[in-house]
Amino acid sequence: MIKLLSITILGLFLLQGCASALQLEPDALKGQEKIYQEGVEAIMSPKKALVAIRPEAKTYSSDDRPTIVITVLNGTEKPFDFSTENVRVFVDGDSHKVFTYDELVAEVKREQVWSTIAAALSGAVRSMNAANAGYTYNSGGFNKFAYDNKENGVNGFGSYSDYTYNAAAAQQARIAANAQTQADMQAIVNSAEQSLDALSATMLKKTTVFPQAWHGGYVTIDKIPIADQPRDVKVVVMAAGEEHEFLFKHFKAQK
């Protein structure tokens, strides 16, 4: 069992070690300008609405999905609605998945449900182990000198085994098992709440952008497989009835 556990842990470390640092590098087109936002290179496209776009960070892990940050300024005299519905992504010319805020929220909630089920199953195993914690198995051997019917001395050998029960030890084990299960459940709730709070605070949600007002947020797209050559990533943003096209190069970051 210990050997199997060690192999599993080693495998997890090896998988983590296989993660690569990836990069989305912006490539400004005609009429666009490269700027910096939060220390990260971005592209600004001025039309009726001004749109700025950048990666969330200079690099990201291949274990994660890439995230881009999109900001719009409504330079018209009419309001317009803006959300992930206004964003399309293409990788090497093929349409690529853009996650909505609602999809990401649903994903967090699904993960919470499965984590809760796993914690409940672990709690059930702990409870079963706790129920048996009060029992102690005792065994051993003995020899005994005795006389037979003819009054001859005889050495006898034998063995014994039995169980003893310690109610206090069993109760302590049950208390510890319940406390651990409750702690696991609370940790799952706290993690889900933190994830939902982060999504609410950062992700792009559908909003009406009024004249001369800013709006923006994070947009998460599906993973982009690593290739031997850089991949072309095109992001098309519709704002104020106009398309803004942005190009990025996706590749493994240099160490």
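Couple of notes before you dig in:
- Scanning the stretch 180-207 for residues that are surrounded by fewer than 12 Cβ atoms within 10 Å (Cβ to Cβ), within 22 Å of Glu103 (Cβ to Cβ) and not acidic (Asp, Glu) turns up Gln194, Ser200, Ala201.
- Test: residue in the stretch 227-239 that is surrounded by 13 or more Cβ atoms within 10 Å (Cβ to Cβ), among the small types (Gly, Ala, Ser) and part of a strand (DSSP E or B): yes
- Tally of residues being part of a strand (DSSP E or B) and over 30 Å from Lys252 (Cβ atoms) across the stretch 63-116: 6
- In the stretch 158-197, of all residues being at pLDDT below 80 and more than 13 Å from Ala130 (Cβ to Cβ), the one that is farthest from the chain's Cα centre (by Cα) corresponds to Gly158.
- Residues being touching a Leu at 6+ places or on another chain (Cβ under 8 Å) and assigned to a strand (DSSP E or B) - total across the stretch 53-62: 3
- Members of the stretch 192-226 that are outside any strand (DSSP E or B) and touching a Leu at 6+ places or on another chain (Cβ under 6 Å): Leu199
Quick grid of which residues meet (1) within 16 Å of Ser61 (Cα to Cα); (2) without any contact (Cβ under 8 Å) to a residue 12 or more places away in the chain; (3) over 29 Å from the mean Cα position of the chain (by Cα):
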site	(1), (2), (3)
Leu204	no, no, no
Trp214	no, no, yes
Ile226	yes, no, no
Ala239	no, no, yes
Glu242	no, no, yes
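- Only one entry in Gln186, Gln180 is part of a helix (DSSP H, G or I), more than 30 Å from Asn86 (Cα to Cα) and touching a residue at least 24 places away in the same chain (Cβ under 8 Å), namely Gln180.
- Taking the stretch 1-38 as the range and being among the hydroxyl-bearing types (Ser, Thr, Tyr) and modelled with pLDDT of 50 or more as the test, the residues that pass are Ser20, Tyr36.
- Under the condition of being exposed (fewer than 14 other Cβ atoms within 10 Å of the Cβ) and out of contact with any Ser or Thr (no Cβ under 9 Å at 6 or more places or on another chain), the residues counted in the stretch 72-91 number 2.
- Among residues of the stretch 33-48 being in a loop (DSSP other than H, G, I, E, B) and over 35 Å from the mean Cα position of the chain (by Cα), the one that is nearest to Val236 (Cα to Cα) is Lys47.
The values are calculated or read from the model by the stated rules, or taken from the named source; none is laboratory data. Every value quoted in this text rests on a predicted model; they were computed, and no experiment measured them. Backbone-built Cβ (ideal geometry, glycine too); neighbour counts: all protein chains shown.
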